[in-house]
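Visitor: Got a structure for you, written out below as structure tokens; questions coming shortly.
The values are calculated or read from the model by the stated rules, or taken from the named source; none is laboratory data. Just so it is clear, the model here is predicted, and its values are computed rather than measured. Cβ atoms come from the backbone with ideal geometry, glycine included; neighbour counts cover every protein chain shown. For accessibility, only protein heavy atoms count, side chains too; no ligands or nucleic acids. Shrake-Rupley method; radii C 1.70, N 1.55, O 1.52, S 1.80 Å.
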Amino acid sequence: MVQLNTACAISAISLVWLATLASTAHAQCSTCGRPSNVNNFTSRAAMEAGGWTFGWDDNFDFLPLPNPGFCPNIANDSYCGFQHPGDSELNLTLVGVGTATFSFGNTWRGGTVTAWLNGVSLGVAASLTPYLNVTFDFTPGDVLRLTEGPTAVHAIHGIWFSCPSAFYQGSYTADSLVCSAVTPCSSSEYTVSPATSTSDTVCRPTTTCNSGHYAMTAATSSTDAVCFPVTRCTAAEYQTSAATATANTGCRAVDPCQPGFYQTAPPDSTTNRQCATVRSCVGSVYTSTEATDTDNAQCSPVTTCSSSQLTAAPATPSSDAVCTCRPCAAGQAAQVSSSGGCPVCVPLVAPSGEAAIVSTAQGITIAAASVSVHGANLVSWMQTLQSQVQQLQLQNAQLTARIEQLSGQH
């Protein structure tokens, strides 16, 4: 209700600000998908067609705009009205589920205009408050009510609807906004484009890499997997790790055996070459067989020359010692040993100074002085001498061959 005999002037509200707010509100409405007749304020009949119900009927229930007396500083496409006498109310029963923004106000300099949802206050427009916005969630059958207290004037600029969180605006009927639940992508899908206020989520199946491929980049909730062919190790490599669904094959170059090492096991598809240190022959042994790429060196004991021998060449790290028979002293004759070793030295002259047959445990040797050797003993003596010469020639040949071998090694 408003006092009709009150002056109609209203003070300092920016008309530019009001026009901007109204323009923005109507732009939102044009994209929300809600039927436009709910915000058709051209007549009481048009408002009732849009769902509004009036709680009174008098000459002031609908005031055509512009009306600077009762309804200053509001847009011409808004609603303005009041009851006189009495306090009026308008109702709008909401359908569907969503969020609404309601713009209303009080254009008079007295009283209050209050917006209610199911009997709960949403907001109160005091005097000279032509624009007040309230936002609220609603469900089917909720009732939006607008009441005016003493000496107040209703102003309605519009109501705009949007879908609540986790919903999008799918379509609308003649009298309700239709909100659909946003589709979540499953664990085997990724989001191509997220849901908007007017469109659902677009999901696509996540790519599963084929046999012989792995996911270089794993799929996420918003990106697909990136597959690449699995690497095959070359002949000069061995496999350190097998490929998995998300990792490539691990390959590494086969290592050669370094100097001083030899191969104990060859490489295969999953194992590196195995190497070990070459055996070092020192001390009482020498290297009788040199190491190869795949075999270790062989060591043999160094020969120790006997008391009947002389050391012709000492042992080296890679060769044995060379022994030669010790020569007999003056006045001795070399007797061939039955064991095949060095000849045994025996006295050459008999005590009487005559030719004599000397018997030893090793055999019989003919010893002769500067006198003639008689009879058949000469033949035996010559055979013995010939055998000793052959033995010396054999030892000399062995010594020569050994010296040549040593010369070739160095």
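Visitor: Working with all protein chains in place, sort S186, S88, S197 by solvent-accessible area computed with a 1.4 Å probe, largest first.
Guide: Descending order: S197, S186, S88.
Visitor: State the three equivalent ellipsoid semi-axes of the range 180-230, derived from the C-alpha gyration tensor as the square roots of 5 times its eigenvalues, in descending order and whole Å.
Guide: Ellipsoid half-lengths, sorted descending, are 28, 9, 6 Å.
Visitor: Further, regarding this structure: With every protein chain present, what accessible area does L63 have (1.4 Å probe, heavy atoms only), rounded to the nearest 10 Å²?
Guide: Surface accessible to solvent at L63 totals approximately 20 Å².
Visitor: A further question on this structure: If R₀ is 30 angstrom, what is the calculated FRET efficiency for the pair T400 and T316, using the beta carbon separation as r and rounding to 0.05?
Guide: According to the calculation, E is roughly 0.95.
Visitor: Another question, then. What is the calculated FRET efficiency for T246 to T271, with r their C-beta to C-beta distance and R₀ = 30 Å, to the nearest 0.05?
Guide: 0.75
Visitor: Okay, next question. Please list R252, R109 in order of solvent-accessible area, largest first, computed with a 1.4 Å probe with all protein chains present.
Guide: R252, R109
Visitor: In whole Å, largest first, what are the principal axis extents of the Cα atoms in the range 203-269?
Guide: 63, 18, 13
Visitor: From the convex hull of the Cα coordinates of the range 115-199, what is the mean projected area in square nanometres?
Guide: With the hull built on Cα positions only, its mean projection is 7.9 nm².
Visitor: Rank these by accessible area, largest first, 1.4 Å probe: D87, D57.
Guide: D57, D87
Visitor: Using a 1.4 Å probe, what is the accessible area per residue for the range 196-281, in Å²?
Guide: For the range 196-281, the solvent-accessible area averages 64 Å² per residue.
Visitor: Leaving out ligands, DNA and RNA but keeping every protein chain, what accessible area does M47 have, in Å² rounded to the nearest 10, with a 1.4 Å probe?
Guide: Here the accessible area works out near 0 Å².
Visitor: Can you send over the carbon and sulfur percentage of the accessible area for the range 73-120, probe radius 1.4 Å, protein chains only?
Guide: Carbon and sulfur atoms account for 54 percent of the accessible area of the range 73-120.
Visitor: With a 1.4 Å probe and all protein chains left in place, how much of the accessible area of the range 156-264 comes from carbon and sulfur atoms, in whole percent?
Guide: Exposed carbon and sulfur together represent 55 percent of the surface.
Visitor: Hey, what's the Kirkwood Rh for the range 158-251 if you take every pair of different alpha carbons, in angstrom?
Guide: The Cα-based Kirkwood calculation yields 16.5 Å.
Visitor: Please give the length that would be gained between N118 and R232 if that part of the chain were fully extended, namely 0.36 nm times their separation in residues minus their C-alpha to C-alpha distance (nm, one decimal).
Guide: 33.9 nm
Visitor: What's the carbon and sulfur percent of the range 274-352's accessible surface, probe 1.4 angstrom, rounded to a whole number?
Guide: Exposed carbon and sulfur together represent 54 percent of the surface.
Visitor: When the distances between all Cα atoms of the range 184-312 are binned every 10 Å from zero, what whole-number percent does each bin get?
Guide: Over the range 184-312, the share of Cα pairs per 10 Å bin runs 12, 20, 16, 14, 11, 10, 7, 5, 3, 2, 1, 0 percent.
Visitor: Report, to two decimal places, the Cα Rg of the range 28-168 normalised by 2.2 N^0.38 Å (N = number of residues).
Guide: 0.99
Visitor: Counting pairs of alpha carbon atoms under 8 Å apart in space and at least six apart in sequence, what relative contact order in percent does the range 206-323 give?
Guide: In percent, rounded to a whole number, it is 15.
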